[in-house]
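Step one of this worksheet: look at the structure below.
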Amino acid sequence: MPELPEVETVRAGLSALVQGATIQGVTVPYPKVITGDVEQFKAQVLGCTFERFDRRGKYLLFRLSNHHTIVSHLRMEGQYSVEPIEATPHKHTEIIFKLTDDRALMYNDTRRFGRLQLVETGQEGQAVDGLGKLGPEPTAAYLKLDYMVKIFQKSHRMVKPFLLDQSKIAGLGNIYTDEVLWQSKIHPESLTDHLSQEQIAELRTNIIAEIKRAIAEHGTTVHSFSNVFGKVGEFQNKLEAYGRVGEPCHRCGTPMIKFKVAQRGTTICPVCQIKQ
DNA sequence: TTTATTGTTGAGTT
DNA sequence: AAACTCAACAATAA
C-alpha cells in the first residue's frame, strides 16, 4: 500500500527514467481511471513533455510542458512501469503513455482504485479537494512542534485515526502509523488531548525519522508495491509493529496483539503501549 | 461463502 | 459552523 515513502520512491524513479520524454500517443483501456473527460485528457496531453515529477503527500504531480499537471493517486495498488513501446499491456493496465523515444509509460492497478486527473498547473489545490486540504509534509522543515501540540490539544479524537487524517499531517498510512505509535509507546486509542507535550514531541521526532528512513530504503513492500524499475522496497524487514501479530515485541518480548481501531487493522504491544 | 484489506471522498451526524 | 464518523469504492486472498 503506497504511503508517502513509496510514492516518493515512484516519483524518484519516474524522474530518473521519464523526465524530458514526450508523449506521442495515449490509450486508456480503463477509462474510469481518468477523473473528468477522457477525450479531453488525451487531447490535452498529446505532444507534451514530462518536465518534472513532484509529489505532495501521497499525490504524484506530473508537470507537463503546456502548463498543465497530471495529478496521479495510486490509492491501494497503483503502479507505474516503463516498457518498450511494443510491450503488451498487463491484465490491469489502465493507461499507456506512448513516448517519442519508443518507450511506453504504463499505469497498472489491480484494485482499480487509483485515479489520474489533468489540471491547470497551480490550480491543483482547488481542482483536487484532498490535495488542497493536505496538512504539512512529515519533515522537520514543515512539521513544526508548536503546530503538532496545537492540533493535538484542540482535538478529542483517538490518535491513530488522527494520524491517518491527511488534513492534519500528510502522508501517513496504516503501516507507518502503527510503527510510530509503537516507537513512541503510545496506544492508538489514546485521545490526542490526553497526550503530554513530551509524548507529542517524541511522536513528531519518530514520524520525521521513520519517513526519512523508509524513503532511504525505497519504501515498504507488504503486498504488491514495486517502483518504476519493478523492484520491491527494503523497509518491510525493519517493521516493528505492522504485520507482527503474535510475534514478540522487540522491546519487551510480549506477543503483539491485533484489533480494530476506526475500522483499521492495528497491531500493538499490549505492555509497552498503554492508553492515556 | 464470507470476511479482511487499503486511502480518500462524500454523505450524514454531532 | 466546524469537527467528526462511517459506508462506499474494487479486487483479491484466505
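Quick note: the coordinates plus some simple rules give every number you see, no bench work behind them. All values reported here derive from a predicted model rather than from experimental measurement. Note: ideal-geometry Cβ built from the backbone for every residue, glycine included; neighbour counts use all protein chains shown.
Out of residues 5 or more away from A:ARG157 or on other chains, whose amide H comes under 5 Å of its own, with H placed 1.01 Å from N in the peptide plane?
Amide H neighbours of A:ARG157, under 5 Å, 5+ apart: A:THR192, A:ASP193.
Please name whichever of A:THR93, A:VAL45, A:GLN126 sits farthest to the positive end of the charge dipole of chain A, dipole taken about the Cα centre and charges placed at Cβ: Lys and Arg +1, Asp and Glu -1.
Comparing the listed Cα positions along the dipole, A:GLN126 ranks first.
Order these by the 10 Å Cβ neighbour count, fewest first: A:ASP178, A:ASP37.
So the ranking, lowest neighbour count to highest, is A:ASP37, A:ASP178.
For region A:265-270, take each phi angle, set θ = phi - 60°, evaluate the Karplus expression 6.51 cos²θ - 1.76 cosθ + 1.60, and give the result in whole Hz per residue in order, putting x for glycine and proline.
Rounded to whole hertz, the list is x, 9, 10, 9, 8, x.
How big is the dipole moment of chain A about its Cα centre under a simple scheme where the beta carbon of each Lys and Arg is +1, that of each Asp and Glu is -1, and everything else is neutral? Debye, nearest 20, please.
660
Run the simple label-point estimate for A:ASP54 and A:LYS238 please: 7 Å along Cα→C-beta, distance reported in nm.
With each label point 7 Å from Cα toward Cβ, the separation is 2.8 nm.
Which residue, A:TYR242, A:PRO84, A:CYS272, has the largest displacement toward the positive end of the dipole of chain A when charges sit on each Cβ (Lys, Arg +1; Asp, Glu -1)?
It is A:CYS272, whose Cα lies furthest towards the positive end.
Quick one: what does P(r) look like for chain A with 10 Å bins over all Cα pairs, in whole %?
7, 28, 32, 20, 11, 3
Tell me which lysines have Cα within less than 16 Å of A:LYS150's Cα, excluding those fewer than 8 residues away on the same chain?
Counting by Cα, and skipping residues close in sequence, A:LYS150 has these lysines nearby: A:LYS168.
Could you go through region A:245-262 in sequence order and give the Karplus-derived ³J(HN,Hα) for each residue, using 6.51 cos²θ - 1.76 cosθ + 1.60 with θ = phi - 60°, rounded to whole Hz, and x for Gly and Pro?
Residue by residue, region A:245-262 yields 4, x, 8, x, 4, 6, 9, 10, x, 5, x, 6, 10, 10, 7, 9, 10, 6 Hz.
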